[in-house]
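The values are calculated or read from the model by the stated rules, or taken from the named source; none is laboratory data. As the structure is a computational prediction, the values presented were derived from the model and not from experiment. Ideal geometry is used to build each Cβ from the backbone, glycine not excepted, and the neighbour counts take in all protein chains shown. Side chains are part of the model used for accessible areas, which takes the heavy atoms of the whole protein and leaves out ligands, DNA and RNA. Shrake-Rupley method; radii C 1.70, N 1.55, O 1.52, S 1.80 Å.
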Amino acid sequence: MNIREELARRVLIFDGGMGTMLQAAGLPAGYEPELWNLERPDAVRAVHAQYLTAGADIVTTNTFGANAVKLAGHPVEEIVTAAVTLAREAVAEHGKGFVALDLGPTGRLLRPMGDLPFEEAVAAYAPAVRAGAAAGADLVLIETMSDLYEAKAAVLAAKENCGLPIFVSVVLDQTGRMLTGGDLSSAVALLEGLGVDAIGLNCGLGPQQMATLFPELLRLTSLPVLIQPNAGLPECVDGCTHFRVGPEEFAAAMAELVRSGLRVTGGCCGTTPEHIRALSAACRDLPALPVAPKHRTWVSSYARTVVFGGKPVLIGERINPTGKPRLKEALRSGDMDYVLRLAIEQQEKGAQVLDVNVGLPEVDEPALLPRTVEELQAVTDLPLQIDTNHPEAMAAAMRCYNGRPLVNSVSGKAESMAAVFPLLKRYGGTAIALTLDENGIPATAGERVAIAQKIIDTAASYGIPKEGLIFDPLALTISADQSAAAVTLETVDRITRELGCRTSLGVSNVSFGLPRREAVNSAFFLLALEHGLSAAILNPNSAPMTDALRAYCALKGLDPNCQDYIAAMAGETAPAPAVPAAGMDLGTAVERGLKESAVAAAKAGLDGGNAPMELIDDGLIPALDRVGAAFETGKLYLPQLLMSAEAAKAVFELLRGAMTREGERPAAKAKVVLSTVKGDVHDIGKNIVKVLLENYGYQVVDLGKDVSPQAVTEAVVREHAAFCGLSALMTTTVGAMEETIALLRQEAPWCKVMVGGAVLTEDYARRMGADFYGKDAMSDVRYADGVTEAG
Amino acid sequence: MAEIDWKEARRYLGLHRPGGTVDEQLEESLRSCGAELDATARPRAVWRRFSVTVEDGTVTCAGMVIPSAYLARHLKNCGEVYLFAATLGAETDRLLRRSAVTQVSRAVILQACAASLLEAYCDECCDGLAREVAPEGLFLRPRFSPGYGDFPIDFQRPLLEALEASKRIGLTATEAMMLTPTKSVTAVVGLSSTPWCPPTGCAACGKTDCAFRKG
């Protein structure tokens, strides 16, 4: 009988701690336990044998750290093969039992929060999976995961390199959160999407603390639950870690959980064969309670889940270049910060999911979409809707997405389903399904529902349940066809009631060609909500739409005590923190760092007939000069300098829009490539320099942090940048700075190199061959201006 | 619960220097950044006690053999050490990144607040440890971190591993031995039977033209 069949019919028991057992057998502190698979095979085999004799059904191989990152420099495959062989030998000796290939964390943090690229994490696990499967493991156990993203990397490595069942357990603290910010629901949403076989908790907590988290886990998941606690919380006595919960207490606590639905148990740190013996005695004959499917339609990020079917979900539509020249420009020029600001702004306005579409003819979408997804996930915890027609871009973005994505979209066309469904199966996710097919959009609700049914059936043939689909019944304009809205509403209603599925709409198409479109849109939106609409994709800045949604929720009892409604409206009526002072002139507002006042003054200036260039030359530039001088003489502090810079930047944005309309543009100054050097993850200094250089008219190409000498040089050559600014914080990364400068001298001899950072000195900078050492951000501006003027 | 040491945070921002005026707008930014950080940061720490041998500019503890004259001097007459690590967590890094994109003036203030909060939190932890060892007649030395003086930064990794810092508090090092999350500290804290204060902080640092150097 294989492990999946066993899992389906009875409670399974894992073994207990490995590390402490090996230490008792003489493993020195700080020595890699995995090396003992080769050096002390008898000791490792003996631990497995003890656990099997104690009653464990499954023994875990001694391969917790056996991945290519953590055991770099060691023969990982050989170690894993030996480890699985030892466990197999113990099982053969005992006469029964299963072998779990153990995969623990890499010990490095993945990008964007750390420096380990996602694909490197996948690649770190892959050889261990291949070797483990070849040596005869029965399942893969991915455990002690405190980062969901790393768990995803390990699961993908397992799925792509073997066909074995996959169990995953994560570490939570007592508040139910992971160290990287995830919670139980985001863990369940992601891991179920990836198609693992059992999920649960291990390490970190004792049986008592895990018992308090268990009911929530059971409520959330449709999979068998696995719980492997430590023998209590660690206590440090005389420099040694002790765990206090004894075998009987441990077993009793776990048996209680089995009675409420726990299906797989075992022990982690501090548990011994005695714990497993007691556990086995207490749980072995308890009935395995059935696992209840939850039929939830949901999406997630690394830290947040959004469920469809309760309160209507607002999907922010603004990261989509269609009809947005400023976003197009940002995407073409690689101005990622602009895209990130659109995301943060929509989140502040109440969006719960963000649509992400970067499709432009001239961009490399399969490269740009995943990069945008990664950058967005460094600044927002909202789940993302991956929006593209490009299958390769969709696959790349779904693969690197940290969570369970919403995917936009699949349709009833055979080609579309054949492209999207395998991706959903592989990476998890929920898809927006358009009720159209090869014959276009049907005119009647009945035909659209029939397409929806066809999509459900086809998805099922890929093993994707209908709750993995959200139908978009398509809103068409009523100016062309008076029955269009009625057909859409009927389709929403029938998909909800007859098919039991969730729906989403791009509401605003309905009013195309009509005046005062928002009046029609918000009325249609309310009608659709009343017909059962579960989500809408719209502009969160559109007050009529968001007001309609909030009012609807309050009226339908979906907003307890109307608190969201009241909070949102209070924000509207309360005075803004910085009220634009009436009549303050542009220069004064910029000098004092008052963004709203500065923008108001600039608008007043434009309304009063001033040309944008006039406002820049007579208002902005003199103010910036005064601010810069005040900073250099110590009269202004750095935060104040930056507040002025931000006010000026907001005014520039406004005036730039006005100038596009009038067809005039100021002559841009030189291009500057900025980055922190390879290995350096601290970028505050670089960000300060960027804002100021932009203020002074330089075109900044920001490469971000941890950038290789090659990438910096390529960018400088590609942009033919006049300047390159490099930042390094630590003595260890100064070497990378030196290397970058050397490569720049070779490949881009025209480029002036400015350097800065905490450990640098003027003298050191000169010795490295830099052209300029910037002691602060203003000095970089002055230097660049000086070089530019000297021509 | 540790709090931001505003005197330090203001010093990091250069506000202690005469000449300028901290106006109401800046005060308001300081307040709101402080509140945002307090709501975001999840400080965590982990420590373990090890015996230590100090001889000839070499320090041996927890399986590490550390060639560092500074550290050896710092740990003179210590029979034991605490290895110590603390972090404000990944959420703080995300907050810093978000503010760098939307409003770099806030990012700068948040950086200063976070650095000060981290120091205050480490101090609080170490004060607790000092109280714990006082009955044994032992005193704590100030924290000494990899990368400081001639203490090779490569010891970041074995130090983190000896503490299981990745598993316990989510603290890791990059390939270049930078700590991630970035607002984090690792350190060796000496335990000795005599209260002795070796030169530390700015006095022990070689960067003499640092803008923040004290004294």
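Using the Karplus curve 6.51 cos²θ - 1.76 cosθ + 1.60 with θ = phi - 60°, what ³J(HN,Hα) values do you get for each residue of the stretch A:173-178, in whole Hz, with x for Gly and Pro?
8, 5, 8, x, 10, 8
When the distances between all Cα atoms of the stretch B:1-51 are binned every 10 Å from zero, what whole-number percent does each bin get?
Cα pair-distance distribution for the stretch B:1-51, in percent: 19, 42, 22, 12, 5, 0.
Determine the share of the protein assembly as shown's accessible area contributed by carbon and sulfur atoms, expressed in whole percent, with a 1.4 angstrom probe.
Details: 20940 of 39150 Å².
C and S atoms contribute 53 percent here.
Can you give me the Kirkwood hydrodynamic radius for the stretch A:578-656, using every pair of distinct Cα atoms, in Å to one decimal? Let's see the in-between values first.
Numbers: mean 1/r = 0.0824 Å⁻¹.
For the stretch A:578-656, the Kirkwood estimate is 12.1 Å.
Along the charge dipole of the stretch A:205-344, which of A:Leu340, A:Tyr302, A:Pro247 sits closest to the positive end, that is, farthest toward it, with unit charges on the beta carbon of Lys, Arg, Asp and Glu (+1, +1, -1, -1)?
A:Leu340
If r is the Cβ-Cβ distance from A:Arg244 to A:His295 and R0 is 30 Å, what FRET efficiency results, to the nearest 0.05?
Computed FRET efficiency for A:Arg244 and A:His295: 0.15.
What whole-number distance in Å separates the alpha-carbon centres of the stretch A:715-740 and the stretch A:414-477?
One Cα centre to the other: 49 Å.
Could you do me a favour and compute the accessible area per residue for chain A, 1.4 Å probe, result in Å²?
That works out to 38 Å² per residue.
Using only the Cα atoms of the stretch A:455-556, what semi-axes does the equivalent ellipsoid have when each is the square root of 5 times a gyration tensor eigenvalue? Give whole Å, largest first.
Semi-axis lengths for the stretch A:455-556 are 26, 16, 12 Å.
For A:Glu438 and A:Gln699 in one chain, what is 0.36 nm times their gap in residues minus the Cα-Cα distance, to one decimal in nm?
89.3 nm
When N is the residue count of the stretch A:742-791, what does its C-alpha Rg come to as a fraction of 2.2 N^0.38 Å?
1.16
Rounded to the nearest 500 deg cm²/dmol, what is the calculated helix-only ellipticity per residue at 222 nm for chain A, with -39500 (n - 2.57) per DSSP H run of length n ≥ 4?
For chain A, the value works out to -15000 deg cm²/dmol.
Going 7 Å from the Cα of A:Arg284 in the Cα-to-Cβ direction, what parts of the stretch A:28-69 have a backbone nitrogen less than 17 Å from that spot?
The answer is A:49-59, whose backbone nitrogens lie closer than 17 Å to the label point.
Starting from one equal scatterer on each C-alpha and no solvent at all, send me the Debye-based log10 I(q)/I(0) for the stretch A:303-399 at q = 0.16, 0.18, 0.24, 0.25 Å⁻¹, two decimals.
For the stretch A:303-399, the Cα-only Debye profile gives -0.63, -0.79, -1.35, -1.44.
Using protein chains only (no ligands, no nucleic acids) and a 1.4 Å probe, work out which residues of the stretch B:62-97 have their accessible area cut by at least 50 Å² relative to the chain alone.
Buried by 50 Å² or more upon assembly, which counts only protein chains, are B:Arg94, B:Arg97.
Expressed as an acute angle from 0 to 90° and rounded to the nearest 10, what is the orientation of the C-alpha long axis of helix A:207-220 relative to the principal long axis of chain A?
Approximately 70 degrees, to the nearest 10.
Please list, ordered by chain and number, the residues whose modelled amide H lies under 5 Å from the amide H of A:Leu194; skip anything fewer than 5 residues away on the same chain.
For A:Leu194, whose amide H was placed from the backbone, there are no distant partners under 5 Å.
If R₀ is 41 angstrom, what is the calculated FRET efficiency for the pair B:Lys76 and A:Ala629, using the beta carbon separation as r and rounding to 0.05?
That gives a FRET efficiency of 0.20.
How high is the relative contact order of the stretch A:3-283, in percent, counting Cα pairs under 8 Å that sit 6 or more residues apart? Walk me through the intermediate numbers first.
Numbers: 588 pairs, mean separation 55.2, N = 281.
Computed over the stretch A:3-283, the figure is 20 percent.
Given all pairs of different Cα atoms, what value in angstroms does the Kirkwood hydrodynamic radius of the stretch A:297-572 take? Walk me through the numbers on the way to the answer.
Numbers: mean 1/r = 0.0529 Å⁻¹.
Evaluated on the stretch A:297-572, it is 18.9 Å.
Between A:Ala460 and A:Glu518, how many nm apart are label points set 7 Å from Cα along the C-beta direction?
Distance between label points: 4.4 nm.
Need one number: nm distance between label points at B:Glu28 and A:Leu38, each 7 Å from Cα along Cα→Cβ, rounded to one decimal.
Simple spin-label model gives 6.5 nm for this pair.
Restricted to Cα positions, what overall size does the stretch A:671-790 have along the principal axes? Three whole-Å values, descending.
34, 27, 24
Using only C-alpha atoms and all pairs of different ones, pull out the Kirkwood radius for the stretch B:12-90 in Å with one decimal. Spell out each step's value before the answer.
Details: mean 1/r = 0.0606 Å⁻¹.
Kirkwood radius, the stretch B:12-90: 16.5 Å.
Strictly greater than 39 Å: what percent of every Cα pair in the protein assembly as shown meets that? Mind showing how you got there, number by number?
Values: 252982 of 505515 pairs.
Tail of the P(r) past 39 Å holds 50 percent of the pairs.
For the stretch A:324-481, taking Cα atoms only, what is the radius of gyration to one decimal and the Dmax to the nearest whole Å?
16.4, 46
List the residues of the stretch B:172-191 for which accessible area in the full set of protein chains is at least 40 Å² lower than for the chain on its own; 1.4 Å probe, protein heavy atoms only.
Buried on complex formation: B:Thr172, B:Thr174, B:Glu175, B:Ala176, B:Met178, B:Thr180, B:Thr182.
Residues of the stretch A:597-637 with accessible area at least 20 Å² lower in the all-protein-chain context than alone (1.4 Å probe)?
Residues shielded by partner chains are A:Gly634, A:Lys635, A:Tyr637.
Output the 0 to 90 degree angle, nearest 10, between the alpha-carbon long axis of helix A:118-134 and the longest principal axis computed from the alpha carbons of chain A.
In chain A, helix A:118-134 runs at an angle near 20 degrees to the longest axis.
May I ask you to compute the full-extension gain from A:Val787 to A:Arg10, defined as 0.36 nm times their residue separation minus their alpha-carbon distance, rounded to one decimal in nm?
On the way: separation 777, 0.36 × 777 = 279.72 nm, distance 7.65 nm.
272.1 nm is the gain from fully extending A:Val787 to A:Arg10.
What does the charge add up to near A:Asn320, with Lys and Arg as +1, Asp and Glu as -1, over the other residues with Cβ less than 10 Å from its Cβ?
Numbers: positive: A:Arg318, A:Lys324; negative: A:Glu317, A:Asp355, A:Asp387.
Net charge around A:Asn320: -1.
Considering only DSSP beta bridges whose two residues both sit in the stretch A:277-420, what percent are antiparallel, to the nearest 5?
Taking every DSSP beta bridge within the stretch A:277-420, about 30 percent pair in antiparallel fashion.
Under 25 Å between alpha carbons, and skipping anything fewer than 8 positions from A:Lys454 in its own chain: which lysines qualify?
Straight-distance partners of A:Lys454: A:Lys294, A:Lys413, A:Lys425, A:Lys466.
In deg cm²/dmol and to the nearest 500, what is the mean residue ellipticity at 222 nm of chain B if only DSSP H runs of at least 4 residues count, each as -39500 (n - 2.57), divided by the residue total?
So the calculated ellipticity at 222 nm is -12500 deg cm²/dmol.
I'd like to know how chain B sits against the 2.2 N^0.38 Å rule of thumb: what's its Cα Rg over that expected value?
For chain B, the normalised Cα radius of gyration is 1.07.
With charges set only on the Cβ (+1 for Lys and Arg, -1 for Asp and Glu), what does the dipole of the protein assembly as shown come to about its Cα centre, in debye to the nearest 20?
Values: 94 positive and 121 negative charges, 132 e Å.
Here the size comes out at about 640 debye.
Just to confirm the number: angle between the C-alpha axis of helix A:595-607 and the first principal axis of chain A, 0 to 90 degrees, nearest 10?
The helix A:595-607 is inclined about 40 degrees to chain A.
Under Stokes-Einstein, with the Kirkwood radius over Cα pairs standing in for Rh, what whole-number D in µm²/s applies to the stretch A:23-129 at 10 °C and 1.306 mPa s? If you can, show how the numbers build up before the last one.
On the way: Rh = 14.5 Å.
Calculated translational D: 109 µm²/s.
Write down the percent of antiparallel bridges among all DSSP beta bridges whose residues are both part of the stretch A:650-791, to the nearest 5.
Of the beta bridges lying entirely in the stretch A:650-791, close to 0 percent run antiparallel.
Between A:Ser479 and A:Ala450, what is the FRET efficiency for a Förster distance of 22 Å, r being their Cβ-Cβ separation, to the nearest 0.05?
0.25
What aspartates and glutamates does A:Lys603 reach when the alpha-carbon gap must be under 19 Å and sequence neighbours fewer than 8 apart in one chain are set aside?
Within reach: A:Asp585, A:Glu591, A:Glu614, A:Asp617, A:Asp618, A:Glu646, A:Glu653, A:Glu662, A:Glu664.
Mind giving me the nanometre distance, one decimal, between the label points for A:Glu235 and A:Asn541, set 7 Å out from Cα along Cα→Cβ?
My value for the distance between the label points is 5.9 nm.
Would you mind checking the pairs B:Lys76/B:Lys167; A:Lys690/A:Lys775; A:Lys328/A:Lys752; A:Lys595/A:Lys690; A:Lys686/B:Lys167 and listing those with alpha carbons more than 22 angstrom apart?
Pairs exceeding 22 Å: B:Lys76/B:Lys167; A:Lys328/A:Lys752; A:Lys686/B:Lys167.
Just to be sure I understand: of the beta bridges DSSP finds with both ends in chain A, what percent are antiparallel, rounded to 5?
Beta bridges within chain A, antiparallel portion: roughly 10 percent.
For the interface of chains B and A, what total accessible area is buried with a 1.4 Å probe, rounded to the nearest 100 Å²? Walk me through the numbers on the way to the answer.
Values: alone 11260 and 32590 Å², together 39150 Å².
Heavy-atom accessible area buried at this interface is about 4700 Å².
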